[in-house]
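Accompanying notes for the structure given below.
The values are calculated or read from the model by the stated rules, or taken from the named source; none is laboratory data. In this text, all values refer to a predicted model and were calculated from it rather than measured experimentally. Positions of Cβ are generated from backbone atoms using ideal geometry, with glycine treated the same way; all protein chains shown enter the neighbour counts.
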Amino acid sequence: MLEHAPVIDTRGLVKWYGTNPALRGIDLCVAAGEILVLFGPNGSGKTTLLKVLSGRIRPTGGTARVAGHDVGADGDRIRGLIGILGHGHQLYEALSARENLTFAATMLGVDRPRDRVSTALARAGLEAVAQSRVRTFSSGMKRRLALAKLMLREPKVILLDEPYAGLDLEATKVLEEYLLASKAAGAAAVLATHNLTKGFAVADRLAILGHGRLVFEGRREETSVEALRELFALHGEAQETA
Amino acid sequence: MSGRRVERALGLLAAVGLAIGLCIGFLYAPPDAEQGEVQRIMYLHVPLILVSYLAFFVVFVTSILYLARRRERHDAIAHSSAEIGVLFTALAIAAGSIWGRPTWGTWWTWDARLTSTAILLLIFVGYLMLRALVDDPSRGATVCAVLGIIGFLDIPIIHMSVVWWRTLHQPASILRPGPPTVAPQMQVALYANLAAFALLYAYLLFKRVRLEQARWELSRLRMEVAG
Amino acid sequence: MNPWSFLLGAYLLAAVGLLLYLVSVSRRTRAMAEQVAALKRRMKETAR
Amino acid sequence: MTLARRALAIARKDLLAEWRDRESFTAMVFFAFLILFLYSFAFGGDQALIRAASSGLLWLALIFTSVLGLARSVQWELENECLDGLLLYPVQREAIYLGKLLGNLAVLLLVELVIFPLFAVLYNVDLWLQLPKLLLIALPGTVGLAAVGTLLSCMTAGLRAREAMLPFLLFPLTIPLILAVVRGTEVVMRGEPFDLAVPWLKLMGAFDVVFVTASLLMFEYLVEE
């Protein structure tokens, strides 16, 4: 495979929910070792775009290729390459932290699952509560456990949907370390958020999504938080949440 | 428009066919030796049931095609055919029930054929209800395609179980609809009516699919307006 | 019991049922066609 | 092989959660017991009458009860977007269906194991000697019920009227199964020769094969968006 071929490559991506348009033609490229941060107000199509990239939903039109595979056709293969952190934490509250991770490790088919699970728990700082049920966790701890689930392996593509929501400072640091490590290992990442400051800090490239279209795209050097904030205000209210 | 012309021709054919079927059923075929004149309900009841099986078979085939190819047309045919199938089974059960009153002395009896038709009606009423409950049209089409397929696959099993249920534990009823040996004139009447009802089904299906196409057209226009 | 009343009942019921269905499909189709036409008209107007 | 391992992991996770909370199991056993209890009042306390219809009454209670567990099993996955997470694993869809099916089947069988003796005690039915044969009848019946129920509960998940729709679709589709399992149980309970139950066993076998295969083939379409 070509070294510089984009890992994520979409052309004219369109998605309709019944009679409502969510994406209206998205052209996007993300290279290996690149972090693209996607800004956009609620309902601008960020989550839909990530879901299409993960192969979870089928696009209405256009093409999306991830690591050379078409998302519509090769769903199984793509799911093996992607690590995703969604809106919901996707954890089973009746099970303990370790049980959740062990289940995830089995489903992901990672090597030496026991060691992996222990390492991930340690990185997320959850060793002490590994045997406690997720139900007893605070929302910050749940987010960290979801993060630990993501860290069970090294995906080629990382998709993060509002990762900063409900994340405490310590956990934000864990997330950023993980992102940088993955980037160094050559992973491509798409991070959707409406937190401009935090998003700007980790981005290589930035894009703004408004009403299902890309209204801005550029490298970090070419812009500033202030310029982004103005652009963002044009396309919907910016919501600065810590 | 050739579609319209085909539809009109089918409508005409079905009307003529039904008229001929009625004449043959009432004038040409002799009254039944045991049941007398009432037996003529058979020329309504049996074609309705058989054509509704055909309708559900069409649902089965088009549902498979929809899952394989995701064409709106296949879903439109499946949905329309299911609706007509439900209408026909309901009418068949009503006619059978009216036939049962003078023959068995009750409006309803757990006769094998009547029972399995009733079960079929319940399954496909569920299909239509499910269709009405799902808001996203493509999700509704997929879910209903799955239900249409398993509903049809269930038919032979239902039929077998109900027949065993009625025969393994109690003697078969002596008076069953449809005499054991059918007179040739009766067979002619039955087949003529069967053909007429099949034509009627084709006509209704054509008409109903056109409604579905108009619905798709409308949602496509709405998409254009919105985006 | 007169067999003809049962015969008439069965056939009449079927006829009424089929006719009602036919009418319902026609009406639904017409309503849909009107909506399509109205939408097309509105699109033309906005295009101008 | 990996398919089987992952299906088992899903079923194990379901059962582990069920073991911790006993949410479905307790509700189901209590509900089934309540129905059995109510029969006594519906039949005016006539034990002989209830015994005569016992297999039908028993299975009716179990089938009504099954809806609770089947609906809960999917509802549980919808919380916190767990189902989305499950579908994002690099796992064949068949494994997910099989896993959910096995989990449902295990819970249903456990409920049956508790309800059979309860029924025997309540209505003075001599069941103990017949228990192995009864289980032989119950197993294929429960497999079919769980197979159709798992598929349908995924179809109706997230719908507006799912509580009503699941039984509305499940009961008519499983009528052959209900007939077969009721007649089979009747043969066993009355101490009739077991040969009489064999055709019903075959029918249930055919039902199970048809519906498990069809569900495996179609589950993929159902969870896709």
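Just a few scattered comments:
- Any hit, the range C:29-40, residues being under 25 Å from B:Gln213 (Cα atoms) and among the polar types (S, T, N, Q): yes
- Residue among B:Arg113, B:Arg73, B:Arg40, B:Arg131 that alone is of a type in the set (Lys, Arg), in a helix (DSSP H, G or I) and within 8 Å of another protein chain (Cβ to nearest Cβ): B:Arg40
- The residue list D:Ala11, D:Ala61 contains one member that is assigned to a helix (DSSP H, G or I) and away from every other protein chain (no Cβ under 14 Å), which is D:Ala61.
- Within the range B:144-169, residues that are within 20 Å of B:Gly126 (Cα to Cα) have Cβ atoms under 8 Å from residues that are part of a helix (DSSP H, G or I) and among the acidic types (Asp, Glu) in these pairs: B:Cys144/B:Asp75; B:Ala145/B:Asp75, counting only partners at least 6 apart in sequence or on another chain.
- Checking each residue in the range D:67-94 for being facing another protein chain (nearest Cβ under 10 Å), at negative phi and assigned to a helix (DSSP H, G or I) picks out D:Trp76, D:Glu77, D:Leu78, D:Glu79, D:Cys82, D:Leu83, D:Asp84, D:Gly85, D:Leu86, D:Leu87, D:Leu88, D:Arg93.
- Just one of the numbered conditions (1) outside any helix (DSSP H, G or I); (2) touching a Phe, Trp or Tyr at 6+ places or on another chain (Cβ under 6 Å) is not true of B:Pro30: (2).
- Those helices (runs of 4 or more DSSP H) lying entirely in the range A:1-117 with at least 1 residues under 30 Å from A:Ala130 (Cβ atoms) and either outside the structural domain of A:Ala192 (by TED's automatic domain parsing) or at pLDDT below 90 (or both): A:75-79, A:97-108
- Subset tally (residues that are facing another protein chain (nearest Cβ under 7 Å), surrounded by 18 or more Cβ atoms within 10 Å (Cβ to Cβ) and closer than 19 Å to A:Pro163 by Cβ) for the range A:62-97: 5
- For the range D:14-22, the criterion of being part of a helix (DSSP H, G or I) and closer than 23 Å to D:Ala197 by Cβ is met by none of the residues.
- Residues satisfying the stated conditions in the range D:188-216, i.e. closer than 28 Å to D:Ile96 by Cα, at the interface with chain B (Cβ under 9 Å from one of its Cβ atoms) and among the hydrophobic types (A, V, I, L, M, F, W, C): D:Leu203, D:Ala206, D:Phe207, D:Val210, D:Phe211, D:Ala214
- Condition met for A:Gly12 (in contact with an Asp or Glu (Cβ under 9 Å, 6 or more places away or on another chain) and either without any contact (Cβ under 8 Å) to a residue 40 or more places away in the chain or more than 24 Å from B:Arg69 (Cα to Cα) (or both)): no
- Cβ separations smaller than 6 Å between residues 6+ apart or across chains give the following pairs from the range B:98-119 residues that are among the hydroxyl-bearing types (Ser, Thr, Tyr) to residues that are surrounded by fewer than 16 Cβ atoms within 10 Å (Cβ to Cβ): B:Thr103/B:Leu175.
- Scope the range A:118-140; condition within 24 Å of D:Gln75 (Cβ to Cβ), modelled with pLDDT of 90 or more and in a helix (DSSP H, G or I); matching residues: A:Val134, A:Arg135, A:Thr136
- Tabulated pairs, the range B:201-227, first within 9 Å of chain C (Cβ to nearest Cβ), second outside any helix (DSSP H, G or I), C-beta under 7 angstrom, 6+ apart or interchain: B:Arg222/A:Thr19
- Breaking point among (1) closer than 21 Å to B:Phe152 by Cβ; (2) surrounded by fewer than 20 Cβ atoms within 10 Å (Cβ to Cβ); (3) among the polar types (S, T, N, Q), for B:Gln35: (1)
- Selection count where residues are closer than 29 Å to A:Trp16 by Cα, modelled with pLDDT under 90 and β-branched (Val, Ile, Thr), scope the range B:103-144: 1
- Check on B:Ala82, closer than 30 Å to D:Leu222 by Cα, within 14 Å of chain D (Cβ to nearest Cβ) and among the small types (Gly, Ala, Ser): yes
- Pairs are defined by a Cβ separation below 9 Å, a sequence spacing of at least 6 or placement on different chains, a first member in the range D:31-43 that is outside any helix (DSSP H, G or I), and a second member that is not charged (D, E, K, R); the pairs so defined are D:Phe43/D:Leu49; D:Phe43/D:Ile50; D:Phe43/D:Ala53; D:Phe43/D:Leu57.
- Hey, D:Ala32 within 14 Å of another protein chain (Cβ to nearest Cβ) and at pLDDT 90 or above or not: no
- Meets criteria (without any contact (Cβ under 8 Å) to a residue 60 or more places away in the chain, touching a helix residue (DSSP H, G or I) at 6+ places or on another chain (Cβ under 6 Å) and of a type in the set (A, V, I, L, M, F, W, C)) for A:Ala73: no
- Of all the residues in the range A:74-89, those that are more than 12 Å from D:Tyr89 (Cβ to Cβ) and of a type outside the set (A, V, I, L, M) number 6.
- Residue check for A:Leu160: out of contact with any Lys or Arg (no Cβ under 8 Å at 6 or more places or on another chain), within 26 Å of A:Gly186 (Cβ to Cβ) and more than 9 Å from chain D (Cβ to nearest Cβ): yes
- So A:Gly33, is it closer than 14 Å to A:Leu13 by Cα and more than 14 Å from chain D (Cβ to nearest Cβ): no
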